[in-house]
1. I'm trying to understand the selection: among the residues of region 78-89, which are buried (at least 16 other Cβ atoms within 10 Å of the Cβ), over 17 Å from residue 13 (Cα atoms) and either in contact with a strand residue (DSSP E or B) (Cβ under 9 Å, 6 or more places away or on another chain) or touching a residue at least 60 places away in the same chain (Cβ under 8 Å) (or both)?
2. In region 40-77, which residue that is surrounded by fewer than 13 Cβ atoms within 10 Å (Cβ to Cβ) and in a loop (DSSP other than H, G, I, E, B) is modelled with the lowest pLDDT?
3. Can you say whether residue 4 is part of a loop (DSSP other than H, G, I, E, B) and either surrounded by 18 or more Cβ atoms within 10 Å (Cβ to Cβ) or in contact (Cβ under 8 Å) with a residue 40 or more places away in the chain (or both), as far as the supplied structure shows?
4. Hey, does region 17-30 have a residue that's part of a loop (DSSP other than H, G, I, E, B), buried (at least 16 other Cβ atoms within 10 Å of the Cβ) and out of contact with any helix residue (DSSP H, G or I) (no Cβ under 6 Å at 6 or more places or on another chain)?
5. Consider residue 53 against the criteria (1) within 23 Å of residue 1 (Cα to Cα); (2) touching a strand residue (DSSP E or B) at 6+ places or on another chain (Cβ under 9 Å): it satisfies all of them except one. Which criterion is unmet?
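The values are calculated or read from the model by the stated rules, or taken from the named source; none is laboratory data. Nothing here was measured: the structure is a model prediction, and the numbers come from that model. Glycine gets a Cβ as well: all are built from the backbone with ideal geometry, and neighbour counts include every protein chain shown.
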């Protein structure tokens, strides 16, 4: 199973969240997803989690104590999704 790239997730975020004024190719994949970075909120996180589950078969739980690290940036999210997919085999 191929790893998921941060750039691939950037495109997914822009499409899934209808970020019309955002160019996925220009997103800083290391920038924070919440707050100062991309400015996503908790509803965006839920929506993004659902899309990731549908697209990649990886379930992201709202009560996961690691969510701060998982959703820190597109890079960290891609690493987590890739690791979960590798475990699923």
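1. Selection gives 85 alone.
2. That would be 62.
3. Here the answer is yes, as residue 4 does meet what is asked.
4. Yes.
5. All conditions pass for residue 53, except number (2).
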